[in-house]
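The values are calculated or read from the model by the stated rules, or taken from the named source; none is laboratory data. For clarity, every value in this text was computed on a predicted model and none was experimentally measured. Here Cβ is always computed from backbone atoms with ideal geometry, including for glycine, and neighbour counts include all displayed protein chains.
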């Protein structure tokens, strides 16, 4: 597939103090071009019974959002406001126009699904040695419904949302005889119908914790990072895309003069034992005389990092 | 008692934890294939949970009249000559300013303290004082391996295994690169990876075992860890119940002194002295009374402690001792937990029987209104009692990796007795009673597994 | 010498049950294989082979590209509602909830509340249904005076996923509710795992009520135990035969607590050593702190296992209680906070037949903390562990000692052989 390209700077939604991305193209682009992978927190339709593969939206750490903004790749949009004004006060004309667009899409979807279903049953019949169009005994199965039924294995009544239509005889519809009922669609992003909003100039840079210098430092060296709470660190650090690589470091940031318990070093070292990871502790050296203005993301940014390994084994 | 011959655990050549049987070595002193020595009877060696003796009455068997006579006899004889719970001569230890711990050098005392409750640590061993055995083994006089040696072998195995695996991976990558028609020079990264792994291992190896023993060869005596003020180490007594050949071997080896001593940390010392009354600590020959001992340890508890006389209620030694005493008094064997990044490990019977099930981490709690009376105090306690979630996950994850359960122990800190924040040093027991301990057991919860 | 903790190589020999695949990012290629081919039921993919570090092979880069493409496809799956199964809800900005007119009863067995003729959904319920593709939420239509009430023209615009987040999460503070993104993360995660998740009654108050359940039963049981406890006879017997020194106060002040004397058992010695006060877990719960809205620790959700017996009208006591906190905005609770939080959970002691370690780990009260760090939840179960109630020395018979004198030991409670 051709590489997705996105126009920069792209918008980041700010909702209730969190930074989210809803456009799948932006998600893929940010990952590929800027080594920003975020955390997928949404449910993938029809795969809602597992927590291993999650979908849109992508939640960005404030560090990630800030880095993108600092470098000019993205800008922040106050999404709650734009939705309030955009949808709750939408004019009648806009509404009807959009509904028409959705209706058209819905019909197209219904049509293409029907075609695919017919193709599939055609193939199945061919395999069985029978020629001809779909017979009346074949159930009308859409691709989506097929996915749905396969997705639900549980005894949960709630989840058997999309019942397979019963196999009773249904009259044959020829393609043009009766208008298909359109499907309904829940879009992923709000553009359309809203226009892509410009950045709000009064929005300041995202607030970041004290570990930001370490984050920026590691990012500038090509590492990918995800939140590392479960592992006992601020960031799990990958040498490449976490889809394909194991993490190398479990990184914790600290202030240069911050006191910490030596026992913590032991803990960190032990953490990586046996799992081929090293514990990393780092921060910005604020003891140097030159003042640092702006971001920490250049080389020579004064951040030091130390890795710790347990020698006991 | 049994300091000498036993069988250690030898790992098989894969990385499984070892089976518990010793293999006779290629030692020259064994002319014939000796029968496999039995594992020492830990149940018997460690039959006393504390270094005190108890005298239970003989069992009362209702249908056997003799049992009554037995009981009566024992009661009366004990009436006239009551046996004592305590050793006839108090155990002695010496406070070392350098190490801020108490050293015990008498062999019998060392054995008693280790066997009856697992107190202390050999300063040249990982836990039980094993230096002498290790030395003798080194000189080929002892057939079985100590656990340190077992570990060293295992580490060596693992290191070789890792290098081999890295080499194979590297080759696979090179192969792939060659197939794709890229240049045939291996990527530089791969080289350094194995080299880096190799070098630090070498250094670590030396530090852990090699160096010390080498120095013995040179000098015959280590200055390591000794202060001039300490009395001479007791020479290895031949009256010690060692097996015959070992005794001769020790002399033959030319080892005059057991270079190792038992090191007791402050909590253990206070428990043995204040709690059980079996230990007497001296400083440069002068015995230290218990209350002064208490003060001494409080003063030394943090490296930045000033020379002030006052002891703060949240003194870190005090907190540690309160928790130590608490678990010891419930019957647990409490050992330091540094190796697992926690304060203490709790053992059911002792480290020779099973691994520690619980790992204890102490958190001070400043709930009393005194601590929030002024802003200054509030700020100070905030700093001391605050723990972040990453810290918690870190130690919890470490414990999970080694199959232990994390127990957070909150210690409720009382307000100071006097206005100046000092603690009266005369009443140790009542000071301890003002604290309150509350334990919480933590466990990671996984959503899917608990469904059914 | 053996030291069990030293000798066992401390590699991560984790049980299969402990592995949580959601700990690491999984390769989406496994997902796409399952969804679009065949009729296989989606199973949890085994741990794939990942690379340790980048090397310059094309194989690696093409695998990566394929993986990313798979992820992109999965993320692009549209939320389509065939007419047969279409459920429509309308957003209500005043309450930040959504209501449904036509109910398909199957879907609302565990969510929603029927009120004034409509089924009302809480924001997290509506958002989750929309997110998984089961619900079509519409923005409400702005009514102007000159509009007629014609049905076909009063259909609202469909809410996008982005709009749903902006509304249900973003606008929540506007209505005084407290649903945060963290709470939603936890809600959705638990729903996906199959649980029924209900808001606890106390989630939007500062804290719930003190929970006194099961304590009355406990007192009754204790009383009977004491009466039938033959231990009393043994105690009297031993008291007659043991000689200990006096001087209690002085002993306490300067030690030693155990003065030289004649002790029959180690239990006697241990009992004398117990001077450190410990929290009494059987006493009725109390609050240590005053009610404070800034205290982040309160029970957020009640969780029910998916046994199929759940009834919305009578849920019964939950299987688990979850308190949701944000990792960056809170720290590990102080004892007072933890104590107050547990005081709102019921007394839930371990079963009498369990072993020592299980009893200690089970505790007398428990709570599950869900700590969320930027979208990733981590669950930790915290239990009030009563070490003082499970005295180790009482559970151990020292092998070489033989039987104790006296009439033997009877205990009201079951005596597990501790290990």
Which number in (1) buried (at least 21 other Cβ atoms within 10 Å of the Cβ); (2) at pLDDT below 90; (3) under 18 Å from residue B:390 (Cα atoms) marks the one condition that residue A:259 misses?
(1)
Return the residues of segment A:65-83 that are crowded, with 17+ Cβ neighbours inside 10 Å and either within 22 Å of residue C:164 (Cα to Cα) or not assigned by TED's automatic domain parsing to the domain that holds residue A:204 (or both); say none if nothing qualifies.
A:65, A:75, A:76, A:77, A:78, A:79, A:80, A:82, A:83
Just one of B:58, B:62, B:11 is at pLDDT 75 or above, outside the structural domain of residue B:153 (by TED's automatic domain parsing) and surrounded by 15 or more Cβ atoms within 10 Å (Cβ to Cβ); which is it?
B:58
Is it the case that some residue within segment A:1-14 is buried (at least 21 other Cβ atoms within 10 Å of the Cβ) and without any contact (Cβ under 8 Å) to a residue 40 or more places away in the chain?
no
Looking at segment C:183-194, is at least one residue at pLDDT 75 or above, under 23 Å from the mean Cα position of the chain (by Cα) and away from chain A (no Cβ under 14 Å)?
no
Residue C:131: closer than 21 Å to residue A:46 by Cα and surrounded by 14 or more Cβ atoms within 10 Å (Cβ to Cβ), yes or no?
yes
Using the structure shown, decide if residue B:340 is surrounded by 20 or more Cβ atoms within 10 Å (Cβ to Cβ), within 12 Å of chain A (Cβ to nearest Cβ) and in contact with a helix residue (DSSP H, G or I) (Cβ under 7 Å, 6 or more places away or on another chain).
yes
Restricting segment A:51-64 to residues that are in contact with a helix residue (DSSP H, G or I) (Cβ under 6 Å, 6 or more places away or on another chain) and within 7 Å of another protein chain (Cβ to nearest Cβ), which is surrounded by the most Cβ atoms within 10 Å (Cβ to Cβ)?
A:53
Tally up the residues in segment C:334-348 that are within 20 Å of residue C:303 (Cβ to Cβ) and part of a loop (DSSP other than H, G, I, E, B), please.
5
Flag if residue C:72 is more than 30 Å from the chain's Cα centre (by Cα) and within 7 Å of chain A (Cβ to nearest Cβ):
yes
Tally, over segment B:59-87, of residues that are in a loop (DSSP other than H, G, I, E, B) and more than 19 Å from residue C:269 (Cα to Cα):
7
How many residues are assigned to a loop (DSSP other than H, G, I, E, B), at the interface with another protein chain (Cβ under 10 Å from one of its Cβ atoms) and at pLDDT below 90 when one looks only at segment C:94-132?
4
Could you please give the count of residues in segment C:362-376 that are within 7 Å of chain A (Cβ to nearest Cβ), on the phi < 0 side of the Ramachandran plot and over 12 Å from the mean Cα position of the chain (by Cα)?
2
Just name the residue that is surrounded by the fewest Cβ atoms within 10 Å (Cβ to Cβ) out of those in segment A:39-50 that are in contact (Cβ under 8 Å) with a residue 40 or more places away in the chain and part of a loop (DSSP other than H, G, I, E, B).
A:49
Would you be able to say whether some residue in segment B:394-405 is touching a helix residue (DSSP H, G or I) at 6+ places or on another chain (Cβ under 8 Å), away from chain A (no Cβ under 11 Å) and more than 28 Å from residue C:372 (Cβ to Cβ)?
no
Per-region count, segment C:250-282, residues at the interface with chain B (Cβ under 7 Å from one of its Cβ atoms) and outside any loop (DSSP other than H, G, I, E, B)
9
